[in-house]
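**Q** One structure, pasted below without further comment.
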Amino acid sequence: MGGKLKVGLNAEELLVMCKAEGVGKVSRRDVAVYLATGMTGATTVATTMIIASMAGIRFFATGGIGGVHRGAETTMDISADLEELAQTPVMVVCAGAKSILDLGLTLEYLETKGVPVIGYGTDELPAFYTRQSGFGVDYRIDTPEDLAAAFKAQNDLQLGGFLVTNPIPEEYAMDKAVIDAAIDQAIKESKEQGIKGKETTPFLLARVAELTGGDSLASNIQLVYNNAALTAKTAAAYCKL
């Protein structure tokens with residue numbers, strides 16, 4: 001098999017690569033075909049979870065997970081990330097679901113699938129670029145050691161994935177009114193241009209970055225650093241259990 005998978009890129013990085021190198025977005029449905037045909041792809045959260053689990057890796061840091069898109073009651077546009085969290089035993093540390101999504105419906109879907117949504121040091125679901133969303137989490141946990149203990153119990157019971165939402169650091173968070181206006185504009189343009197399916201998220205995030213003068217991308221980078229640090233501390237604590 002000659003395919004190559006670039007694992008765990010965020011959507012903005014993926015969009016740049018797709019334009020520059022012809023790299024495709026690879027979710028669960030795409031892995032086998034990409035590997036068999038020799039195409040090069042970058043993995044989604046769902047596919048990164050699958051590959052991590054195959055390699056015996058239990059912890060994964062990302063920017064934000066996918067979720068239920070706005071208008072999904074008619075389009076049925078729901079990210080495969082949510083299905084993977086229900087079945088693959090990997091802890092995913094993120095800054096919440098991407099704020100371009102319907103956060104309320106995303107939480108409802110996760111509840112239906114039995115996925116615990118943990119707020120690290122917060123009672124409120126972070127909204128990727130901002131620390132607040134107006135929605136609560138299932139549980140608040142305040143230390144990497146307690147995260148590790150809860151995830152070990154999840155693994156021992158074979159209950160699937162574990163979602164930790166880690167708010168973006170205050171100094172890098174964006175003004176909610178500014179980012180909400182950019183998101184609304186990007187969504188309006190995506191509908192006007194007929195963008196659908198797996199092209200939606202890369203388009204929206206890239207357009208939001210343009211509308212905010214690059215501020216959203218800078219915030220995106222910082223929140224990934226923050227998530228990686230928490231993931232490393234939690235993995236180290238897990239190894240001591």
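The values are calculated or read from the model by the stated rules, or taken from the named source; none is laboratory data. All values reported here derive from a predicted model rather than from experimental measurement. Note that each Cβ is placed from the backbone with ideal geometry, even for glycine, and that neighbours are counted across all protein chains shown. Ligands, DNA and RNA are stripped out before the accessible areas are found, and what is left, the full protein with its side chains, is counted by its heavy atoms. Shrake-Rupley method; radii C 1.70, N 1.55, O 1.52, S 1.80 Å.
**Q** Exactly one condition in (1) modelled with pLDDT of 90 or more; (2) part of a strand (DSSP E or B); (3) open to solvent by 10 Å² or more (accessible area, probe 1.4 Å); (4) within 26 Å of Arg207 (Cα to Cα) is false for Gly104; which is it?
**A** (2)
**Q** Another question about this same structure. Kindly evaluate Asn155 against the criterion of being in a helix (DSSP H, G or I) and open to solvent by less than 30 Å² (accessible area, probe 1.4 Å).
**A** For Asn155, the condition - in a helix (DSSP H, G or I) and open to solvent by less than 30 Å² (accessible area, probe 1.4 Å) - is met.
**Q** Return the only residue of Ala186, Ala150 being farther than 30 Å from Glu210 by Cβ, part of a helix (DSSP H, G or I) and open to solvent by less than 70 Å² (accessible area, probe 1.4 Å).
**A** Sole residue among the options that is farther than 30 Å from Glu210 by Cβ, part of a helix (DSSP H, G or I) and open to solvent by less than 70 Å² (accessible area, probe 1.4 Å): Ala150.
**Q** For region 117-137, does any single residue satisfy the condition of being open to solvent by 30 Å² or more (accessible area, probe 1.4 Å) and in a helix (DSSP H, G or I)?
**A** No, region 117-137 contains no residue that is open to solvent by 30 Å² or more (accessible area, probe 1.4 Å) and in a helix (DSSP H, G or I).
**Q** For region 75-101, give me each residue that is of a type outside the set (A, V, I, L, M, F, W, C), within 19 Å of Thr47 (Cβ to Cβ) and not in a helix (DSSP H, G or I).
**A** Listed by number, the residues that qualify are Asp77, Ser79, Thr88, Pro89, Lys98.
**Q** Considering only residues that are of a type in the set (D, E, K, R) and either assigned to a helix (DSSP H, G or I) or on the phi > 0 side of the Ramachandran plot (or both), which ones fall in region 191-225?
**A** Matches in region 191-225: Lys191, Glu192, Lys198, Glu199, Arg207, Glu210, Asp215.
**Q** Moving to a separate point now. Here are Gly56, Gly136: which of them is under 16 Å from Thr231 (Cα atoms) and at pLDDT 95 or above?
**A** Every option except Gly56 fails the conditions.
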